[in-house]
Amino acid sequence: MAEEKFDRGTALTIFGTDRHEDLVALAVSLVIALLVYLYV
Amino acid sequence: MVYTQRTPWTLIMGVIMVAYAYLVQSGALAGVIKYLGTDRLTGEMLTLGYTFGGIAVLIGLWQLVAKTAEGHIDYYLSTIGGVTFIMLIAFIVKWGLDPQMAQWGRAAQPALGFNFASVMNLNYVVMGIVAGIVIVNVFKVPGWAENGVRLSRLGLKTGVILLGALYSFAELQQLGKLSVVLIGVFVLGSVGLVLWWGARRNLPNSMTGVLSAGVGVCGVSAAVAAAPVVQAKSTEIAYTIGTILLFGVICMFLFPIVGKALGMGYITFGAWAGTGILNSAQVAGAALAFQPTGIETLKVAEIFNITRVLFLPIIVIWLAIWYVKREVGAKKVDVGQVLISKFPVFVLGFIILFLLSSTGIFAPARHYQGAYFDNSDKVMVKKDRSGKEVNNHLKDPDLQLLQKEGEKVKRDDQKAALQRLIENKKLMSIEDDDTLRGVVNAKILSKEGNAVLAKAHRAVRHTAAKIAMFRDLIAWFFTFGLVGLGMQITMASIRQAGGQPLVIGGIVGLIKAVGSLIVVMLLVHETI
């Protein structure tokens, strides 16, 4: 997968920066934690 | 650029997943499930099959009929095809290949003299990564799946953050101290060794700098993070990434085999993998390959990995100062700005989940490794599936054995805890449980005596439903991330390694792996 194939993100991630990816991972985790807390 | 491709494959994979879940639910696959021994997985087969299959059917239909324009919706929804592709491979490997391989391993044991599936670690983690490597290098990842494959690192990071919910203060305190010492020595040592050696071999400062970050801290991310401060060229970053990938892939497959051959436990292996392997994703891969049926090893390895990642800003500052001293005209470094910009936010997420869990919202307070203490009759006397009553109090032969071996226990607090256990036929408090766990760890009693104490421990420790759910979710996030990671390990990127950087990186990586193995075997014990 060549890097220049994507005009957004890199060959390793769809996000523009590591920080952006970290923040999305954090948001997804908090949503999952909330759902586990409420429904399990 | 429009990313959505008009393909029937997302829809087809969705229909396969839903149909599989339906066949499991209807009992049509009961014979196959019984043959493979995967009865305990039917719950996740239904939930995941219907959920991912349903989403893929909807998005697959939309991709076939809707006109897509460039934008966020196109970009993010185009990942669904790749995510479904990875999950389908994960389903096949985890629910089909893994149990089948285990059966073949057992069947061939009399002829071969060893269980090849166990010795070669042919479990779902290893086979999932290998499947990914084979797909990308032999068949090529289909164009409609490429965007989804680029989400695998997000899956791994989400898994690490959720893992924070499973630690208790006691574990983190003990593992944390150990990891800071071990990681501190090996990270700083390997960065220093690469910098020293690179200078002696007259490598460009930018090449040496970026290689030292990659070999010392956390692989690819560290190389990319350090590149701007040492003004590394893209070819130098590529050399470093190639070296790290080649070394990391070898370690990922070799570490679990060596760990099993040396009879390492969860803690020793987790500590070794977290210290000795260069890249975060491959640490997770090795830990799960070592223990595919539980996440105790992964938990230990990730503490070491996170400690290593936390060293990243410090290493970047060190490299920046080192580079400024050696290069005329290099820009001076703003330490505060580097600390803020390079701090890995997903580690903060891990800490947030740990703090949330410590408040007792996911498991009763003072849980240990996700298990909480309850010795009330409500949980000590239960009914099994057939409705028969099962009493988990210790039985007379167990009590007689403990009574007989009691004189081996010399410490007063341990003697008192053992006496209370014998009188009440069950553990009476968390403190007694902790005290007698110390007796087990110190191997004071015979093997049979320890087995009775372990039985008493299991009877009063219960896994909270929320924690059990976190464990399942974490295992699936890592499975998704690792199959996707396999699809990113291309021979082209590994071939980028070569020359002096490969020699220096390889030898320093090897010193770190062997050195950390020796230190772990000498200093780390299975007592946490």
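Tabulated data for the structure shown
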quantity	calculated
Positions within the range B:92-111 being among the aliphatic types (A, V, I, L, M) and more than 22 Å from the chain's Cα centre (by Cα), in sequence order	B:A107, B:A108, B:A111
Given (1) surrounded by fewer than 22 Cβ atoms within 10 Å (Cβ to Cβ); (2) part of a helix (DSSP H, G or I); (3) in the same structural domain as B:V324 (by TED's automatic domain parsing), number of the condition B:Q231 does not satisfy	(2)
Options B:N115, B:N137, B:N147, B:N123: the member that is among the polar types (S, T, N, Q) and under 26 Å from A:H20 (Cβ atoms)	B:N147
Count of residues meeting criterion [buried (at least 17 other Cβ atoms within 10 Å of the Cβ) and small (G, A, S)] in the range B:25-51	1
Top-ranked residue in the range B:325-338 [being assigned to a helix (DSSP H, G or I) and β-branched (V, I, T); ranked as nearest to B:A213 (Cα to Cα)]	B:V338
Residue in the range B:443-458 that is within 30 Å of A:A33 (Cα to Cα) and either buried (at least 16 other Cβ atoms within 10 Å of the Cβ) or within 26 Å of the chain's Cα centre (by Cα) (or both) present	yes
Residue list for the range B:135-163, restricted to those being in contact with a helix residue (DSSP H, G or I) (Cβ under 8 Å, 6 or more places away or on another chain) and either over 19 Å from A:F15 (Cα atoms) or of a type in the set (D, E, K, R) (or both)	B:I135, B:V136, B:N137, B:V141, B:P142, B:E146, B:R150, B:R153, B:K157, B:L162, B:L163
Some residue of the range B:65-75 being touching a helix residue (DSSP H, G or I) at 6+ places or on another chain (Cβ under 6 Å) and under 25 Å from B:G484 (Cβ atoms)	yes
B:G505 vs. criteria more than 14 Å from chain A (Cβ to nearest Cβ), in contact (Cβ under 8 Å) with a residue 12 or more places away in the chain and surrounded by fewer than 21 Cβ atoms within 10 Å (Cβ to Cβ)	no
Any chance B:K410 is surrounded by fewer than 18 Cβ atoms within 10 Å (Cβ to Cβ), of a type in the set (K, R), more than 14 Å from chain A (Cβ to nearest Cβ) and assigned to a helix (DSSP H, G or I)	no
Unique residue being surrounded by 18 or more Cβ atoms within 10 Å (Cβ to Cβ), more than 19 Å from B:V300 (Cβ to Cβ) and either within 13 Å of another protein chain (Cβ to nearest Cβ) or among the aromatic types (F, W, Y) (or both) when the list is B:A131, B:A145	B:A145
Of all residues in the range A:11-23 being crowded, with 16+ Cβ neighbours inside 10 Å and either at the interface with another protein chain (Cβ under 7 Å from one of its Cβ atoms) or more than 8 Å from the chain's Cα centre (by Cα) (or both), the one that is modelled with the highest pLDDT	A:L23
Qualifying residue in the range B:367-375 (condition: of a type in the set (F, W, Y) and within 14 Å of chain A (Cβ to nearest Cβ))	no
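For every residue, the table says whether it meets (1) of a type in the set (F, W, Y); (2) under 21 Å from B:S179 (Cα atoms); (3) part of a helix (DSSP H, G or I).
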residue	(1), (2), (3)
B:V316	no, yes, yes
B:Y323	yes, no, yes
B:V347	no, yes, yes
B:F350	yes, yes, yes
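A quick yes/no check of all residues on (1) crowded, with 23+ Cβ neighbours inside 10 Å; (2) over 19 Å from the mean Cα position of the chain (by Cα); (3) within 30 Å of B:T79 (Cα to Cα):
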site: B:V119; (1), (2), (3): no, yes, no
site: B:Y124; (1), (2), (3): yes, no, yes
site: B:V138; (1), (2), (3): no, yes, yes
site: B:S152; (1), (2), (3): yes, no, yes
site: B:G159; (1), (2), (3): yes, no, yes
site: B:L166; (1), (2), (3): yes, no, yes
site: B:Q173; (1), (2), (3): no, yes, no
site: B:K177; (1), (2), (3): no, yes, no
site: B:L188; (1), (2), (3): no, yes, no
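The values are calculated or read from the model by the stated rules, or taken from the named source; none is laboratory data. Because the structure is a prediction, the values reported are computed rather than measured. Note that each Cβ is placed from the backbone with ideal geometry, even for glycine, and that neighbours are counted across all protein chains shown.
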